[in-house]
Amino acid sequence: MLPQHPDPRRERLREALGLRPLPPPAPPPPAPRPAPGWGEVVDARLRGVGRARPSGDLDDIHHHLPGFWQDTADGRAFIVEQRYELEYRHGGLRLGAMLDTSAELWARFGRDRRLAEVDPRRMVFLDTETTGLAGGTGTVAFLVGIGHFLDGHFRLRQYFLRGPSEERALLRALTEYLDGFEAIVTFNGKTFDLPLLETRLILARREQALTALPHLDLLHAARRIYRDRFASCRLGELERQVLGLERQEDVPGAEIPALYFRYLHTRRFRPLVGVLRHNRDDVLSLVTLTAHLARLHGGALPLSAADQLALGREHEHDGRPQEAISCYQAALLLDPRDAERHQCEERLSGLYRKLRRWEEAVLLWQSIATSPANRLLYPLVELSKYYERVAKDLPAAREAAAQALALLESYHARRGYPRAAAERTALTARIARLEARAATGESRRRAATKEPRTISA
């Protein structure tokens, strides 16, 4: 729209009346620009929006956190440092409980034999906060929290990135500090944190093989124990369910990137205090969760049937059948839920079969199959296989297979069991084969004894 120019006659009238002249018209508004894409927004923010602000505005971090500046060959890095006594409790455990556990147990539930040789004081607990949750070369770790035991306390350091220009300094300060540690503990660090840091190091032309160190990723260790019991195995869920920790006024992880971008724009650090507190709690939870898992695997905690089942699966996977059998037997003595009992019985009988402990396997299969409430096919199928291949009792093998087929038709097929057709085909073929073998055996027996055949009239 064209600007409105003042009317000369109106201006002469205003002058005669002694009124002030009208102000000049406002310039037309600029044409709207197209909305930038997400990548453009990220790039603009990370190029340092607010760069022209006075440098004094950038130092307000000192007003909120106990930190210091570290000079490196690539510039200055800001580091927050806090110390915690070993008796400090995070959830239901004190931090020092980690030092009371065995490295052999870390190696066991971490599935890395190198961890058995690690001094607990040379383990570093690491967690990052980033500008995005999807990873990739455009994602930056703007806060790296690390913790370790030192001189009778737990030292927590947080490396904070004030802006993109200081990333090289942060990475140099961080990697120089990490030199000499023997292992890393993370939560989902194998998938996210360490690959992200190594990507940033490559882009900064620094060499630091973080992924070469023995790595205890607690997400995988916890998931193997708790995957069937909790809604998820996120760290927050494990804190509530396992560590007895309920965070107060915590910053949701999904909001953290936006809070950092807002800081880059405004240079107001106060909203990020909650982010550093969130990161601090993540690192402390790594310590107590490691201690909890070690105590669980070491038998230092009262174990439920679900715990015994999960530990049995661990032993079985790692090639310790005797320990697995002991866990499954213990779980069955603890009055487990039906689903847990069925899984324990099936796994236990499978181990008996693998170890050729036939008497124990048959007794367990028979006990399950003859239970009035039994709806499971596998014990009857396993009995049929045993009678055919081990006991050489073809009639008993056929009878067990026939019972399995009858159960399939009367229960599973009527309830839409998805494998009913395949199971029916397999059982029918088994019964036919057993009948054919029995007939062939009978013919051979008669031929061997020259028993005359009965001729009907």
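Derivation of every value follows stated rules applied to the coordinates shown; laboratory data play no part. Being a predicted model, the structure only gives us computed values, none of them experimental. Backbone-built Cβ (ideal geometry, glycine too); neighbour counts: all protein chains shown.
Where q = 0.12, 0.22, 0.24, 0.28 Å⁻¹, what log10 of I(q)/I(0) comes from the Debye formula for the stretch 375-447, counting one point per Cα? Normalising to I(0) and taking log10 leaves -0.34, -0.90, -1.01, -1.23.
Looking at the stretch 315-373, the trypsin sites (Lys or Arg not before Pro) that sit in a DSSP loop and have at most 12 other Cβ atoms within 10 Å of their own Cβ are ARG337, ARG356.
The calculated pair-distance distribution of the stretch 309-457 uses every alpha carbon pair, bins of 10 angstrom beginning at 0, and gives 10, 31, 30, 18, 7, 3, 1 percent. Within the stretch 262-380, the proportion of Cα pairs with more than 26 Å between them is 42 percent.
Looking at the stretch 375-413, the trypsin sites (Lys or Arg not before Pro) that sit in a DSSP loop and have at most 16 other Cβ atoms within 10 Å of their own Cβ are ARG375, LYS392.
Each of CYS327, CYS344 was scored by other Cβ atoms within 10 Å of its Cβ. Arranged with the fewest first, they read CYS344, CYS327.
Each of THR137, THR130, THR175 has some number of other Cβ atoms within 10 Å of its Cβ, and from fewest to most they run THR137, THR175, THR130. Classify the stretch 211-261: rounded, prolate or oblate, from the alpha-carbon gyration tensor (a ≥ b ≥ c, eigenvalue square roots; a/c under 1.5 rounded; otherwise prolate if a/b is larger than b/c)? Taking the square roots of the gyration eigenvalues as a ≥ b ≥ c, the stretch 211-261 is oblate.
Remark: THR128, THR266, THR425 ranked as THR425, THR266, THR128, counting other beta-carbon atoms within 10 Å and listing the fewest first.
Note on TRP69 and LEU99: with the Förster distance fixed at 35 Å, the Cβ-Cβ geometry gives a FRET efficiency of about 0.65. In units of the rule-of-thumb radius 2.2 N^0.38 Å, the stretch 58-297 shows an alpha carbon radius of gyration of 0.97.
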